[in-house]
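Peer 1: This is the structure I have questions about; it appears just below.
The values are calculated or read from the model by the stated rules, or taken from the named source; none is laboratory data. Everything numeric here is computed off the predicted structure, so don't read it as measured data. Virtual Cβ from ideal backbone geometry, glycine too; neighbours counted across all protein chains shown.
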Amino acid sequence: MKLRLVPARQGALWVRYGLRVFFRRPLAYCVLFGMCLFLAPLFLFAAAPITSLGFIIATAQVLQGRFPLPGVFLEPLRSGKAQLRSQLLLCVAYAAGLSLVFWAADVVGGDAFDNFLQAMRSGKTSPEELQPILSAPGLQSGRALLLIGLSLLAIPFWHAPALVHWGGMGAAKALFFSTVAWWRNKGALALYALTWCAVAIVFLILVTLVFSLLGQPELVVMAIMPTLLMFYAAFYASLYFTFADCFEPPPTAPTETTPP
């Protein structure tokens, strides 16, 4: 698969395309993402590379006029023994990298970071209880290291599963070319990330403003939770376009790069 260079402005278009294709099949994408949330604890996030590829395949199917079903997550495992081995190696490597990032953040953050993770997992911590946890020494360093580590880990794995699936690459080669593609198109991918952040911030502001004007600010949390599900599903729907534009696909891969 040949690497393509795209202008930085393409990053904003990927977000636009992701939203457009999501609203063509919103229920399907929400169901797929809901399945991932349900199954993630069972696999300790080791299956994240397969999950992202499943969404890329789902978007390819939507662009072909098909309705994506949960089978998209099994399709990467049906491409032959060599590709199955490479996909499983990616999953193991990602799990190892994720464990290393959390370990490093825990070492830097200490007990403050552990308390923060426990509070987030429980989901029952009140604002009064959360305040001393957030202000504990070492927490900000641990959170910063976690964010940086997760961002760096995403780079080699961003395109790697799709390069294995459609490009027939081995795991190491796919990780290498994913990193090269990220670096060569860093402007577009940086704008892509910033645009998604801007969309999320604007959405949160609008929701808060609407319910404040209605005199029901307590309903903001209830409104945000289901919409966040849609937001993340739309983000995963857009992953296809970052891959399709950065690589010239072989004849066996989908070639659509824009939703109609």
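Peer 1: Test Ala104 against the stated conditions and say whether it is farther than 30 Å from Val164 by Cα and at pLDDT 80 or above.
Peer 2: no
Peer 1: Could you identify the single residue in Ala40, Ala46 that is outside any helix (DSSP H, G or I), small (Gly, Ala, Ser) and at pLDDT below 90?
Peer 2: Checking each option against the conditions leaves just Ala46.
Peer 1: Still on this structure, I have one more. Please work out which one of (1) surrounded by 15 or more Cβ atoms within 10 Å (Cβ to Cβ); (2) free of Cβ contacts under 8 Å to residues at least 24 places away in the same chain is the condition Val21 fails and give its number.
Peer 2: Going through (1) surrounded by 15 or more Cβ atoms within 10 Å (Cβ to Cβ); (2) free of Cβ contacts under 8 Å to residues at least 24 places away in the same chain one by one, Val21 breaks only (2).
Peer 1: Any idea which of (1) more than 16 Å from the chain's Cα centre (by Cα); (2) more than 26 Å from Glu75 (Cα to Cα); (3) buried (at least 17 other Cβ atoms within 10 Å of the Cβ); (4) aromatic (Phe, Trp, Tyr) is the one Trp166 doesn't satisfy?
Peer 2: The one condition Trp166 does not meet is (2).
Peer 1: Among the residues of segment 207-223, what is the count of those that are at pLDDT 75 or above and either in a loop (DSSP other than H, G, I, E, B) or buried (at least 16 other Cβ atoms within 10 Å of the Cβ) (or both)?
Peer 2: Total meeting the criteria: 1.
Peer 1: Could you check, for segment 9-17, whether at least one of its residues is under 23 Å from Ile155 (Cα atoms), of a type outside the set (D, E, K, R), in a loop (DSSP other than H, G, I, E, B) and out of contact with any Phe, Trp or Tyr (no Cβ under 7 Å at 6 or more places or on another chain)?
Peer 2: no
Peer 1: Just one of (1) in contact (Cβ under 8 Å) with a residue 12 or more places away in the chain; (2) farther than 13 Å from Leu53 by Cα; (3) not aromatic (Phe, Trp, Tyr) trips up His159, so point out which.
Peer 2: Looking at each condition in turn, His159 falls short on (2).
Peer 1: Among the residues of segment 85-100, write down those that are without any contact (Cβ under 8 Å) to a residue 60 or more places away in the chain and under 12 Å from Pro161 (Cβ atoms).
Peer 2: Residues satisfying the conditions are Leu88, Cys91.
Peer 1: While we're on this one: Kindly indicate whether any position in segment 181-198 is surrounded by 14 or more Cβ atoms within 10 Å (Cβ to Cβ), in contact with a strand residue (DSSP E or B) (Cβ under 8 Å, 6 or more places away or on another chain) and within 27 Å of Ala105 (Cα to Cα).
Peer 2: Within segment 181-198 (the criterion being surrounded by 14 or more Cβ atoms within 10 Å (Cβ to Cβ), in contact with a strand residue (DSSP E or B) (Cβ under 8 Å, 6 or more places away or on another chain) and within 27 Å of Ala105 (Cα to Cα)), the answer is no, since none of the residues qualifies.
Peer 1: Picking from Lys173, Lys186, which residue would you name as being among the charged types (D, E, K, R), under 30 Å from Glu75 (Cα atoms) and under 19 Å from the mean Cα position of the chain (by Cα)?
Peer 2: None of the other options fit; the residue is Lys186.
To keep it simple, each residue is scored yes or no on (1) under 17 Å from Trp196 (Cα atoms); (2) in a helix (DSSP H, G or I).
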{"position": "Val6", "(1), (2)": "no, no"}
{"position": "Val21", "(1), (2)": "yes, yes"}
{"position": "Thr59", "(1), (2)": "no, yes"}
{"position": "Arg66", "(1), (2)": "no, no"}
{"position": "Pro76", "(1), (2)": "no, yes"}
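Peer 1: Identify the single condition in (1) hydrophobic (A, V, I, L, M, F, W, C); (2) buried (at least 21 other Cβ atoms within 10 Å of the Cβ); (3) under 17 Å from Ala234 (Cβ atoms) that Leu37 does not satisfy, given that it satisfies every other one.
Peer 2: All conditions pass for Leu37, except number (2).
Peer 1: Considering each residue of segment 144-166, count those that are modelled with pLDDT under 90 and either touching a helix residue (DSSP H, G or I) at 6+ places or on another chain (Cβ under 7 Å) or not in a helix (DSSP H, G or I) (or both), and give that number.
Peer 2: 2
Peer 1: Determine which member of the set Thr255, Thr195, Thr227, Thr242 is modelled with pLDDT under 90, in a helix (DSSP H, G or I) and hydroxyl-bearing (Ser, Thr, Tyr).
Peer 2: Exactly one of Thr255, Thr195, Thr227, Thr242 is modelled with pLDDT under 90, in a helix (DSSP H, G or I) and hydroxyl-bearing (Ser, Thr, Tyr), namely Thr227.
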